[in-house]
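Report on the following structure.
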Amino acid sequence: KAGVTQTPRYLIKTRGQQVTLSCSPISGHRSVSWYQQTPGQGLQFLFEYFSETQRNKGNFPGRFSGRQFSNSRSEMNVSTLELGDSALYLCASSQGTPSNQPQHFGDGTRLSIL
Amino acid sequence: GQQVMQIPQYQHVQEGEDFTTYCNSSTTLSNIQWYKQRPGGHPVFLIQLVKSGEVKKQKRLTFQFGEAKKNSSLHITATQTTDVGTYFCALNSGGSNYKLTFGKGTLLTVNP
């Protein structure tokens, strides 16, 4: 079974630009969660989607948005990029409720803002 | 909001020594998960604890859930260089089933 696939693996952008990251979950997994990982703040929850519906959102500004498609693939978008958005963005999938089922993480997208 | 404290932040040991990381929550937990992230890798699920006072073992790793379900620990016996990485606890207080709150992790380095 293929694991969680995130594309692209690396991305370099400049301030003010926008970016879209993609995540394909494990086949059969309908829940996709997104996290931002930085050395100072650790893993911070961005949002979670299930059957194309956002069920929960973390404490991030509205510049961070996401969506999920009918095939469970998910995208997250960050608009008006800031230097502080430089981070590793990880997505994780699970069969159902992420709080009580193992989260399977992708390798992440490393975003650098110049 | 839910607060989670994980200590220590860093731990350096000699190969063969034991290692323990602790996770404490400000609220009573429904369950707790543990993950390991190798340098340059992504978090990998290790285990989930659900019951008060639960103890689970995986080879040299022992996981405990506190009686009050507000704290947990991960203990590694006789560390090996393959144990190097960051160990995270992830919490669900029951307020929202759709969100995991991760501790900041404990980075373990092992001197061969």
Check: Which ones in the stretch B:16-48 are closer than 29 Å to A:Gly3 by Cα, more than 12 Å from the chain's Cα centre (by Cα) and open to solvent by 40 Å² or more (accessible area, probe 1.4 Å)?
Finding: B:Ser30, B:Arg38, B:Pro39, B:Gly40, B:His42
Next item on the list: Report, ordered by the first and then the second residue, all pairs with beta carbons closer than 7 Å, sequence separation of six or more or different chains, a first member in the stretch A:77-92 that is within 14 Å of chain B (Cβ to nearest Cβ) and part of a strand (DSSP E or B), and a second member that is of a type in the set (Val, Ile, Thr) and open to solvent by less than 10 Å² (accessible area, probe 1.4 Å).
Entry: A:Tyr89/A:Thr109; A:Cys91/A:Val32
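Out of B:Lys56, B:Lys99, B:Lys69, B:Lys51, I need the residue that is of a type in the set (Lys, Arg), open to solvent by 30 Å² or more (accessible area, probe 1.4 Å) and part of a strand (DSSP E or B). Which one? First the steps, then the outcome.
Numbers: B:Lys99 fails: part of a strand (DSSP E or B); B:Lys69 fails: part of a strand (DSSP E or B); B:Lys51 fails: part of a strand (DSSP E or B).
Of B:Lys56, B:Lys99, B:Lys69, B:Lys51, the one residue that is of a type in the set (Lys, Arg), open to solvent by 30 Å² or more (accessible area, probe 1.4 Å) and part of a strand (DSSP E or B) is B:Lys56.
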Checklist line | Residues of the stretch A:53-76 that turn out to be more than 14 Å from chain B (Cβ to nearest Cβ) and open to solvent by 40 Å² or more (accessible area, probe 1.4 Å), as a count | finding: 9
Notebook entry, point to check: Which residues, counting only those in the stretch A:97-114, are open to solvent by 10 Å² or more (accessible area, probe 1.4 Å) and of a type in the set (Gly, Ala, Ser)?
Noted result: A:Ser112
Next item on the list: Return the pairs, sorted by first residue and then second, in which the second residue is acidic (Asp, Glu), the first residue lies in the stretch B:98-112 and is more than 7 Å from every other protein chain (Cβ to nearest Cβ), the beta carbons are less than 7 Å apart, and the residues are 6+ apart or on different chains.
Entry: B:Leu108/B:Asp83; B:Val110/B:Glu15; B:Val110/B:Asp83; B:Asn111/B:Glu15; B:Pro112/B:Glu15
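Out of all the residues in the stretch B:19-40, is one or more of a type in the set (D, E, K, R), closer than 15 Å to A:Asn100 by Cα and at pLDDT 95 or above? First the steps, then the outcome.
Initially, the stretch B:19-40 is screened for residues of a type in the set (D, E, K, R), giving B:36, B:38.
Checking which are closer than 15 Å to A:Asn100 by Cα leaves us with none.
Checked against the condition, which is being of a type in the set (D, E, K, R), closer than 15 Å to A:Asn100 by Cα and at pLDDT 95 or above, the stretch B:19-40 yields no hits at all.
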Next item on the list: Could you look through the stretch A:77-95, keep only residues that are closer than 24 Å to B:Ala90 by Cα and touching a Ser or Thr at 6+ places or on another chain (Cβ under 6 Å), and pick out the one that is most open to solvent (accessible area, probe 1.4 Å)?
Entry: A:Ser86
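The values are calculated or read from the model by the stated rules, or taken from the named source; none is laboratory data. Bear in mind that the values here come from a model prediction, so they are computed numbers and not experimental data. Neighbour counts are summed over all protein chains in view; Cβ atoms, including those assigned to glycine, are modelled from backbone coordinates with ideal geometry. We work out accessible area using only protein heavy atoms, side chains counted, and drop any ligands, DNA or RNA first. Shrake-Rupley method; radii C 1.70, N 1.55, O 1.52, S 1.80 Å.
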